[in-house]
1. Can you tell me which residue among B:162, B:126, B:169 is of a type in the set (Asp, Glu) and touching a residue at least 60 places away in the same chain (Cβ under 8 Å)?
2. For segment A:52-108, which residues satisfy the criterion of being among the charged types (D, E, K, R) and either in a helix (DSSP H, G or I) or at positive phi (or both)?
3. Would you confirm, using the coordinates I've provided, whether residue B:190 is free of Cβ contacts under 8 Å to residues at least 60 places away in the same chain, within 23 Å of residue B:103 (Cβ to Cβ) and buried (at least 20 other Cβ atoms within 10 Å of the Cβ)?
4. Inside segment A:23-35, can you point out the residues that are of a type in the set (A, V, I, L, M) and within 13 Å of residue A:145 (Cα to Cα)?
5. Can you tell me which residue among A:155, A:141, A:147, A:130 is in a helix (DSSP H, G or I), out of contact with any strand residue (DSSP E or B) (no Cβ under 6 Å at 6 or more places or on another chain), within 14 Å of chain B (Cβ to nearest Cβ) and in contact (Cβ under 8 Å) with a residue 12 or more places away in the chain?
6. Mind listing whichever residues of segment B:191-217 are over 25 Å from residue B:43 (Cβ atoms) and in a helix (DSSP H, G or I)?
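The values are calculated or read from the model by the stated rules, or taken from the named source; none is laboratory data. Note that the structure is a prediction, hence the values are computed from the model and not measured. For neighbour counting, all protein chains shown are included, and Cβ atoms are generated from backbone atoms with ideal geometry for every residue, glycine included.
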Amino acid sequence: MIRFVGAKTLDFVTQLGEIALLLMETVRNIFRRPFPRRNFFEQIVKIGWNSIPVTFFTAISTGAILALQTGYAMMSNVKGTEHFVGGVVALSVTRELGPILCAIMIAGRAGSGITAEIGTMKVTEQIDALVTLSANPVHYLIVPRVLAGVIVLPLLTLFTDLVAILGGMLVAFLEMGLNEAQYIETTLRMLTISDINNGLIKSVVFGLLITLIASFEGFRTKGGAEGVGKSTTRSVVMICMSILFFDYVLTSLLTTNF
Amino acid sequence: MSQTSDYAIEVRGLKKQLGGKEVLRGVDLSICRGETMVIIGQSGCGKSVLLKHIVGLHYPDDGEVFIDGKPLNGVSSAERLALLSEFGMLFQGAALFDSLTIAENVVFRHIQSRRYSQKEMDRIVDEKLEMVGLSGVAHLKPAELSGGMQKRVGLARAIAADPKFILYDEPTTGLDPIMADQINDLILHMKDMLNVTSIAVTHDMVSAYKISDRISMLYQGEVIETDTPERIQRSKNPYVRQFIRGEAYGPITTVRPFGRTAPSGTKGGKHETPQ
């Protein structure tokens, strides 16, 4: 048992080291010319544009549910506070729920896709073929994905914030019949620009985690279809865990500083 | 350096462990200029690993690979890349990039270098596809082609940058006999037309006899015999004889990829083969 835990821990630490090395390798390759333009724009579309529907749905329902829950809780407990729902929704979404839900959705959608694609390339020797054709796999495959992730995640998070606040409003006005002016007033009063910024800073880190870990897991895929399946699963789990971990770290860093 | 060898490719004392298993245990192999060397051996004997060392995909634990007399490992990455750019490799499953069209696959190297105009690249695509006997497929995706056609495209991609060396990993595996023979013809054709040095790894003896100038047999991570096809056929070495005749019983018994021994007493012929 102790041996098992020890081996797993060692494994985990080795992996962290390998991911750190891959990150360094990626950063070095970002500046190598020629920049893989075409792959980069392809990834912007795949990770970003194609994820808009799923983020929209997640955001609108999150905002709506949040408004509903907090609204009824406030109404039944402290009468006359329900117009604060606007502020509560806006703060929870921009600070926490927007970045994290968006990142988890993208981890499931794009992270799994990246691992499966690179993993399949690995097991069908396409990665080897890249090397024999004088292309650097990190430069050709990882750089475009990581850059796209880092750029696209904050944009999607901003979109999530907006849509979730909108979802909250819809429920508050149509379903609960709250006062529109008061609701919007609390939203604007309680929400500061640093709330939004903190969320966006987090999302940049999440974008990096998603694309880097997904690529890493793709590259170490072994075996055939089964191997691809395994590494895709592991990739999504690893990404989600690391997102939650870094969310805590970043939250504590960002809130003590501001 | 005048001491550069007469050999195009020379492998000396190559050793490699993979996953705790000694795959190559000191391989020595010399390939002359313009020759086609075929490496035979059972699945899992280290043939493909050897090939991947020659094309720089693996780094040896010990030993060295010399290309035109120059060492491949332990040199600067620029020198290494320069040596490796002389190679074209045909992978077992063709390993075409499935997100790209056939044309983009063939001139992949040229597109990446950004030093060629579209017109030049179109010309190269047409020329190389014609050399492998394909036409009208340039705009298709790899998944739309049959296995044999994919291999031809893989070959077109391997020769697109006019390499000095072509490596073939199991060129005929998984193809029907007719398609396999067409690939054999193509390999011979490449040799005549391009004047290249080639190494092919295979366990298809029909193909080995047809395309090779010399055959080398790899057994348990070592080269056990190298000779012309005619002499290999008359070899006295019991391992070679068993392999080239494809006999289930003989000295070769321990062959499972994970180092487990086959059931003992195989010599007695307990299995289904009629005696």
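1. Result of the check over B:162, B:126, B:169: B:169.
2. Matches in segment A:52-108: A:82, A:95, A:96.
3. On the way: free of Cβ contacts under 8 Å to residues at least 60 places away in the same chain: yes; within 23 Å of residue B:103 (Cβ to Cβ): yes; buried (at least 20 other Cβ atoms within 10 Å of the Cβ): yes.
So residue B:190 fits the description; yes.
4. Hits for segment A:23-35 are A:23, A:27, A:30.
5. Details: A:155 fails: within 14 Å of chain B (Cβ to nearest Cβ); A:147 fails: within 14 Å of chain B (Cβ to nearest Cβ); A:130 fails: in contact (Cβ under 8 Å) with a residue 12 or more places away in the chain.
Exactly one residue qualifies, and that residue is A:141.
6. In the first step, residues of segment B:191-217 are kept if they are over 25 Å from residue B:43 (Cβ atoms); the result is B:191-197.
The answer is B:191, B:192, B:193, B:194.
Residues are listed down the side, and each one gets a yes or a no for (1) touching a Gly at 6+ places or on another chain (Cβ under 7 Å); (2) assigned to a helix (DSSP H, G or I); (3) modelled with pLDDT under 90:
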position: B:133; (1), (2), (3): no, no, yes
position: B:137; (1), (2), (3): no, no, no
position: B:152; (1), (2), (3): yes, yes, no
position: B:168; (1), (2), (3): no, no, no
position: B:174; (1), (2), (3): yes, no, yes
position: B:184; (1), (2), (3): no, yes, no
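The rows are residues; the columns are (1) modelled with pLDDT of 90 or more; (2) surrounded by 15 or more Cβ atoms within 10 Å (Cβ to Cβ); (3) of a type outside the set (S, T, N, Q).
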site	(1), (2), (3)
A:178	no, yes, yes
A:188	no, no, yes
A:191	no, yes, yes
A:195	no, yes, yes
A:207	yes, yes, yes
A:218	yes, yes, yes
A:222	yes, no, yes
A:227	yes, yes, yes
A:235	yes, yes, no
